[in-house]
Amino acid sequence: MDKLVRSIKFPIVFDSEKLQNDLKKIINENWIDHYNTDCYSGKWNSIALMSPNGKSDAIYASPTNNEKVVETEILNSCTYFKEILDGFLFEKTAVRLLQLAVGAEVKPHSDNCLGYEDDSFRLHIPIITNSDVEFILDGTRLIMNEGECWYIDANFIHSVANRGTQDRIHLVIDGVRNEWTDAMFYKEAPQDQFVKPVPVMSDEKKQLIINELRLMNTPMADEMIKNLEQ
């Protein structure tokens, strides 16, 4: 098995009670349904703590967007969330709370350019969770407990299902790699283990490509077919 880093549980634990106290202050605010509507079933919604326009309903995560994010009005009352964010010494590109309701499922998918090898990354800090949440990353179940801090390489296929009896809410922070984060990440895993995964092509997709190449009937197409069939 390859040694590529798929996730890291950092040796950081935040105060679950303080996290949940901040959450209580904003739980009745206007949470926005997640925009990737084809990607999930049930209720999955979000509220922004930092966004490009400073509005809490701007829940889009755009790591390649050069527009700087600023604190939203929601963050004003959340002193512990703000303390956590101030302690992470890197540029943030999105900061949101993500809530997956009881019975909801996020289907298997991958997110483009959200691995540390892309110079960007995503951190998860569970605020409320339960033992029946099934988070699967590249075929392996991750157990993320309240107050822990996790890096997830979202370039790998992942999914999550809340099979418990309470909603699951994470603080999710997208950031830009710098020297400070290098020290944080490379303390947990060698630099050469952060490499973009090679896309895996399904047999069905492969056969479609082979059929198209056969129609071309050229020496180059024949060579590509030979490589695909190996």
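The values are calculated or read from the model by the stated rules, or taken from the named source; none is laboratory data. Every value quoted in this text rests on a predicted model; they were computed, and no experiment measured them. Cβ atoms come from the backbone with ideal geometry, glycine included; neighbour counts cover every protein chain shown. Surface areas here come from the heavy atoms of the whole protein model, side chains and all, with no ligands, DNA or RNA. Shrake-Rupley method; radii C 1.70, N 1.55, O 1.52, S 1.80 Å.
Restricting the search to strands (runs of 3 or more DSSP E) fully inside the stretch 75-168 and requiring at least 1 residues that are among the small types (Gly, Ala, Ser), open to solvent by less than 20 Å² (accessible area, probe 1.4 Å) and at pLDDT below 95 gives 92-100, 120-128. Can you tell me which residues in the stretch 19-58 are outside any loop (DSSP other than H, G, I, E, B) and closer than 21 Å to HIS109 by Cα? Once the filter is applied, which keeps residues that are outside any loop (DSSP other than H, G, I, E, B) and closer than 21 Å to HIS109 by Cα, the stretch 19-58 yields ILE32, ASP33, THR37, ASP38, CYS39, TYR40, SER41, TRP44, ASN45, SER46. Check ASN227 against each of (1) open to solvent by 40 Å² or more (accessible area, probe 1.4 Å); (2) touching a Phe, Trp or Tyr at 6+ places or on another chain (Cβ under 8 Å) and name the one condition it does not meet. Of everything listed in (1) open to solvent by 40 Å² or more (accessible area, probe 1.4 Å); (2) touching a Phe, Trp or Tyr at 6+ places or on another chain (Cβ under 8 Å), ASN227 misses just condition (2). Would you mention how many residues in the stretch 1-21 are under 25 Å from GLY139 (Cα atoms) and open to solvent by 70 Å² or more (accessible area, probe 1.4 Å)? So the answer is 5. For the stretch 121-164, the tally of residues that are touching a Ser or Thr at 6+ places or on another chain (Cβ under 9 Å) and hydroxyl-bearing (Ser, Thr, Tyr) stands at 2.
Using the structure shown, decide if LYS187 is closer than 25 Å to PHE81 by Cα and more than 16 Å from the chain's Cα centre (by Cα). Yes, satisfied.
Would you check if VAL200 is surrounded by 14 or more Cβ atoms within 10 Å (Cβ to Cβ), at pLDDT below 95 and assigned to a loop (DSSP other than H, G, I, E, B)?
no
Residue check: THR218 meets all listed conditions (1) open to solvent by 90 Å² or more (accessible area, probe 1.4 Å); (2) farther than 30 Å from ASP15 by Cα but one, namely (1).
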